[in-house]
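Coordinate-derived values only; no laboratory data. A quick note: this is a predicted structure, and the numbers were derived from the prediction, not measured. Here the Cβ is made from the backbone with ideal geometry for all residues, glycine too, and neighbour counts use every protein chain on show.
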Amino acid sequence: MGFSLLPREHQFFDLFDKMADASVDAARLFKQFAAEGTFDEAANEKMRAIEHLCDDITHEIIDKLNRTFITPFDREDIYALAHRFDSVVDIIHAITKRLLLYNLHNSVSKDLIRFSELIEQSVKSLAAAVRGLRNLKNVKIISEACIEINRLENLGDQLRDETIGKLFDNSFDPLYIIKWKDIFQDAERALDQCEDVANVIESIMVKQA
Amino acid sequence: MGFSLLPREHQFFDLFDKMADASVDAARLFKQFAAEGTFDEAANEKMRAIEHLCDDITHEIIDKLNRTFITPFDREDIYALAHRFDSVVDIIHAITKRLLLYNLHNSVSKDLIRFSELIEQSVKSLAAAVRGLRNLKNVKIISEACIEINRLENLGDQLRDETIGKLFDNSFDPLYIIKWKDIFQDAERALDQCEDVANVIESIMVKQA
Amino acid sequence: MGFSLLPREHQFFDLFDKMADASVDAARLFKQFAAEGTFDEAANEKMRAIEHLCDDITHEIIDKLNRTFITPFDREDIYALAHRFDSVVDIIHAITKRLLLYNLHNSVSKDLIRFSELIEQSVKSLAAAVRGLRNLKNVKIISEACIEINRLENLGDQLRDETIGKLFDNSFDPLYIIKWKDIFQDAERALDQCEDVANVIESIMVKQA
């Protein structure tokens with residue numbers, strides 16, 4: 001009987017793997033848009049498609065949770081992991097939309113490029129941690145990925161402080177400052193959100209210890 | 001013995017029902033103030049009274065939790081539900097106060113009216129979901145209410161983006177923009193907070209599945 | 001056997017006591033910098049040192065959690081308590097950095113002094129609550145500390161509203177308003193964060209009730 005339940009457990013990991021793939025796609029696209037300075041309607045559309053895919057995966061995970069008796073971790077932890085992971089792509093999409101909304105979609109900002117690189121690295125580490133959950137023997141891989149996500153969040157804090165400091169030093173246009181300050185704060189929030197997911201993963205590991 | 005414990009469980013649901021009623025009152029008043037453009041001292045006072053009522057209900061729930069052995073759900077979930085539900089009225093009150101504080105209390109804003117309608121719908125769905133918890137056979141009602149809260153939160157995101165975009169397009173007065181941007185962001189946070197409570201409810205359902 | 005496990009449990013409390021001491025140090029320093037108007041590089045350096053100490057303590061707690069079988073509370077609650085407590089000093093440090101970044105480090109603001117006093121009181125109450133966890137017979141001390149933290153958070157909300165209202169009434173310089181608004185909002189967030197930790201503590205108490 002234990003045997004027949006195993007395939008169902010695998011389905012959860014398969015869905016989280018799909019979410020990991022989609023998140024890495026979103027982060028990679030974001031970096032590309034930042035490098036090219038092309039946060040236009042087409043870019044926004046591509047990001048929206050990935051966000052919808054992640055929403056669908058999240059609903060599928062919760063649906064499966066409601067119909068499955070045995071789960072690889074505590075049910076509420078799978079729920080929390082799905083929801084918070086989903087928020088990572090939500091924020092990346094939100095920044096993309098905001099750049100369009102603020103008419104900043106054609107600007108190339110070196111600072112935004114640096115943020116997009118940190119975000120991509122963090123999302124890749126997150127994907128590695130989530131994929132590692134399939135086998136708790138991967139504790140070292142997971143733990144190292146979480147430390148890396150933490151390190152990148154600290155770098156993001158510094159970068160946000162530095163870029164916002166520069167905004168006030170180099171501009172006297174309040175609307176320009178308000179807009180870019182929002183963008184850089186959101187970019188830092190994307191790194192916070194990755195750390196938030198890493199915290200859920202660490203909390204799952206701690207329970208199993 | 002099971003019988004004698006039942007009345008105590010009912011008391012939790014009675015308190016959550018009271019909280020649901022108070023939240024619907026707050027959302028209805030907020031919609032009325034928005035329609036009339038009367039966020040004055042009197043309006044603020046009415047909202048403060050509802051907020052204090054909700055604080056009292058929350059404390060009563062936690063107090064009961066500390067003196068009751070058998071609870072309808074996990075103790076920490078009742079605690080989380082009470083706290084986060086309480087935050088919904090907190091935010092509605094905070095927006096009311098802020099409009100007064102920013103000297104915007106006599107303006108009629110079509111966008112704020114639209115927000116107030118979304119908030120009222122979301123709070124009503126939330127009330128339906130919370131009332132449904134009394135009987136877990138209501139799983140369909142609860143689940144549909146949570147989906148509706150989610151849908152309204154998405155509409156709120158779009159409305160916030162649209163209204164803030166318009167602010168930057170139509171005004172060059174930074175102070176005007178700063179003030180209304182805060183108001184619209186807070187309004188969207190009210191919808192976020194409803195979704196946050198819906199997530200606690202979904203998480204409770206998932207545990208019981 | 002129960003006896004031989006006790007020393008390990010004590011280690012968790014010892015670490016939380018260290019965190020409490022460091023947080024009180026940070027809050028006291030912050031009040032001093034505010035009173036003197038000296039948020040300079042040296043002040044920032046002192047605060048950073050305390051923040052790093054708290055990071056180290058947090059990692060030690062999580063590390064111990066991964067190597068200890070019996071814990072005084074649910075493992076995930078110790079994890080949550082460590083993480084959220086750590087965030088209190090993070091925010092106090094963030095405000096310190098921001099004042100330097102915004103070139104406000106030599107200003108003396110009566111409102112910031114009032115905030116720094118509320119923050120110190122709240123952190124002291126938090127330290128009392130956390131120290132109380134060592135013996136659950138301290139339920140009254142813990143509960144009173146949590147009520148006090150809640151009261152201070154409410155005062156902080158009022159103070160933030162009042163100070164931001166004054167900013168808009170007394171200044172027409174958008175950059176000045178943007179900067180100080182950020183500072184006062186962050187200061188209020190420090191009080192929110194203390195309340196967040198108090199909520200984790202209350203939730204632990206509720207489970208044990």
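Details
- Where only DSSP H runs of four or more residues are counted, the protein assembly as shown gives -31000 deg cm²/dmol as its mean residue ellipticity at 222 nm, each run worth -39500 (n - 2.57).
- Here the simple spin-label model places points 7 Å from the Cα toward Cβ, and for B:Lys46 and C:Ile70 these points are separated by 5.9 nm.
- For the stretch C:133-204 versus the stretch A:8-82, the gap between their alpha-carbon centres in whole angstrom: 35 Å
- Longest segment of chain B lacking chymotrypsin sites (Phe, Trp or Tyr not before Pro) that sit in a DSSP loop with at most 11 other Cβ atoms within 10 Å: B:70-171
- By the count of neighbouring beta-carbon atoms within 10 Å, fewest first, A:Ile70, A:Ile95 end up ordered A:Ile70, A:Ile95.
- Chain C: DSSP helices with Cα axial extent of at least 24 Å and average Kyte-Doolittle hydropathy no lower than 0.0: C:75-101, C:110-132
- Other-copy label distances relative to B:Lys64, 7 angstrom Cα-Cβ extension, nm: 3.8, 3.8
- Across the cross-link table entries B:Lys110/B:Lys207; B:Lys46/B:Lys110; B:Lys46/C:Lys97; B:Lys207/C:Lys18; B:Lys110/B:Lys137; C:Lys64/C:Lys137, which are compared at the Cα atoms, the separations over 31 Å belong to B:Lys110/B:Lys207; B:Lys46/C:Lys97; B:Lys207/C:Lys18; B:Lys110/B:Lys137.
- Axis between B and A by rotation; chain B residue with nearest Cβ and distance in whole Å recorded as B:Pro174, 2.
- Efficiency of FRET from Cβ geometry, A:Ile113 and C:Ala209, R₀ 51 Å, rounded to 0.05: 0.45
- Taking A:Asp192, A:Asp173, A:Asp161 in turn, the Gaussian network model of chain A (Cα-Cα springs below 10 Å) assigns the largest fluctuation to A:Asp173.
- Around the Cα centre of the protein assembly as shown, unit charges on the Cβ atoms of Lys, Arg, Asp and Glu (plus for the first two, minus for the last two) sum to a dipole of about 1080 debye.
- Kirkwood-Stokes translational diffusion coefficient of the stretch B:2-208, alpha-carbon pairs, 25 °C, 0.890 mPa s, µm²/s: 138 µm²/s
- Ranked B:Thr58, A:Thr68, criterion: other C-beta atoms within 10 Å, fewest first: A:Thr68, B:Thr58
- Which of A:Leu112, A:Leu155 has the fewest Cβ neighbours within 10 Å, and the rest in rising order: A:Leu155, A:Leu112
- Candidates B:Ser122, B:Ser171, B:Ser109, ranked by Gaussian network fluctuation over chain B, Cα under 10 Å, top entry: B:Ser171
- Cα gyration tensor shape of the protein assembly as shown, rounded if a/c is under 1.5, else prolate or oblate by comparing a/b with b/c: rounded
- FRET efficiency for the A:Asn154 to C:Arg151 pair, using the beta carbon distance and R₀ = 35 Å, is estimated at 0.55.
- Rounded, prolate or oblate (a/c below 1.5 giving rounded, otherwise prolate when a/b exceeds b/c) for the stretch C:99-209 by Cα gyration tensor: prolate
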